[in-house]
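Below: one structure, written as structure tokens.
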Amino acid sequence: MCNIKRRAILDITKTLVGSIINKIPIQQQIVQKFSEILNVQRCVIFKLSNNKFGNAYDIELTAGIPLEEHSDDIGRKEAIYRHPDIEEAVRWGKIMIITDPKDSSFTTYFRQIIEQKNITQILYLPLISELNSETIGVIVVDIVGEKVGFESEEVEFCGEVGELISLIIDREEILVEQMRELIVNRIAALGGFAIRLGKLTREFSVDARLVTDEIEKIEK
């Protein structure tokens, strides 16, 4: 299991870098990779923010699979009290599993979906900021179909990888900006070299122009 954890964390890190370079939404890529590692079909990320009154949380669905089912809801904000299961997970502050979602009082508001999808267990993974130790989001993973439930090793893995995902989400804007600055700075240097090369001799001017054209496209 230790080797599996290492590979999984490496995969998630690669997903982060690939998302930045390819301008793919980071959280959607993370939730996709996370679900693949756990072999589950349903997984979403909720982001938390203080509401305008400052005395409660709003939650926003920022990513989810299957994407076609959640795409219309991505970006929508609601008061957390409308989602008592997520509110309880935030209050609990650590991994919470509802083993009887068809009977739990926390899941009454989406009981129809539970019945339709045959959801047998739900895992809630609070994401804690390293900057201020506050909960910044919650990952929700549903068990459906043939998978019976979460094994103890899977729960342990979720707790460990949750720290990495929290770091990524908490500093997503900073990481994206730093990565882009690194790429742009290298491109700018290469573009400057191509311009100087084009001025040296006529033989190289055509090839140099091709290079500068491509650099301009990449910069845009």
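The values are calculated or read from the model by the stated rules, or taken from the named source; none is laboratory data. Just so it is clear, the model here is predicted, and its values are computed rather than measured. All Cβ positions, even for glycine, are placed from backbone atoms using ideal geometry, and neighbour counts span all protein chains on display. The protein model used for the area step is the full one, side chains on, heavy atoms only, and it has no ligands, DNA or RNA in it. Shrake-Rupley method; radii C 1.70, N 1.55, O 1.52, S 1.80 Å.
So, with +1 on the Cβ of K and R and -1 on the Cβ of D and E, and no other charges, what is the size of the charge dipole of the stretch 61-141 about its Cα centre, to the nearest 20 debye?
Numbers: 8 positive and 13 negative charges, 23 e Å.
Charge dipole, the stretch 61-141, about its Cα centre: 120 debye, nearest 20.
Averaged over residues, the count of other Cβ atoms within 10 Å places the peptides 106-115, 130-139 in the sequence 130-139, 106-115, highest first.
Could you compute the FRET efficiency for Arg111 and Asp58, with r as their C-beta to C-beta distance and R0 at 30 Å, rounded to 0.05? All intermediate terms of the calculation are to be shown ahead of the outcome.
Numbers: r = 23 Å, r/R0 = 0.77.
Result of the calculation: an efficiency of 0.80.
Here the extension length gained between Asp72 and Lys94 equals 5.0 nm, from 0.36 nm per residue of separation less the Cα-Cα distance.
If I stretch the segment between Glu160 and Leu210 completely, what's the gain in nm (0.36 nm per residue apart, minus their alpha carbon distance), one decimal? Mind dumping the intermediate values first?
Working: separation 50, 0.36 × 50 = 18.00 nm, distance 4.76 nm.
In short, 13.2 nm is gained.
Within the stretch 72-113, what whole-number % of the accessible surface is contributed by carbon and sulfur, with the 1.4 Å probe and all protein chains included in the calculation? It would help to have the intermediate numbers written out before the result.
Working: 1300 of 2720 Å².
The computed percentage sits at 48.
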